[in-house]
1. Taking amide H positions as placed in the peptide plane 1.01 Å from N, state which residues far from Ile10 in sequence (5 or more) or on other chains have amide H under 5 Å from it.
2. How much length is gained on full extension from Ile26 to Ser44, taking 0.36 nm per residue of separation minus their Cα-Cα distance?
3. Taking the Cα centre of region 17-63 as origin, work out the dipole magnitude from +1 charges on Lys and Arg Cβ and -1 charges on Asp and Glu Cβ, in debye rounded to 20.
Amino acid sequence: MDKIPLKIIIAGRTYPLTIKKEEEAIIKAAAERINSNIKKLQGSYAVKDMQDLLAMTSLQLAVQSNNSGNTNVSVQSQPDFSEDIQKIIEKLDKAL
C-alpha cells in the first residue's frame, strides 16, 4: 500500500493530501466534479459566497449519490459522512 502526496484544488484553495496510489484518479475526478459544479452554479445564480456554493454543491452531489444507489439499501448501511462534512465546513469557516 504505497502512499503518495497529492495537492488538489477545490474552490480555488489547495489541499495537500497523502493518499493511496490507487485512489489518485478517483480523488482527482471528484475534485474536478466539485469545481465543475461550482462553476455551473456561479453561472446560474448570483451567489458569490464560496461557502454557499460549496454547500449547494455538497447537497447536489449527496442527492445524486443517493439517487444512483440501490433504493432498497437501508439507511443504516449507508456511510455517514456528516462528521467529515462538518470538519470541512469548520475548516472553510476558518479560512474564509
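Laboratory data are not the source of any read-out in this text; all were calculated from the coordinates shown. Given the structure is predicted, the values throughout are model-derived calculations rather than measurements. Backbone-built Cβ (ideal geometry, glycine too); neighbour counts: all protein chains shown.
1. Tyr15
2. Full extension of this stretch gives 3.8 nm more.
3. Dipole about the Cα centre, nearest 20: 120 debye.
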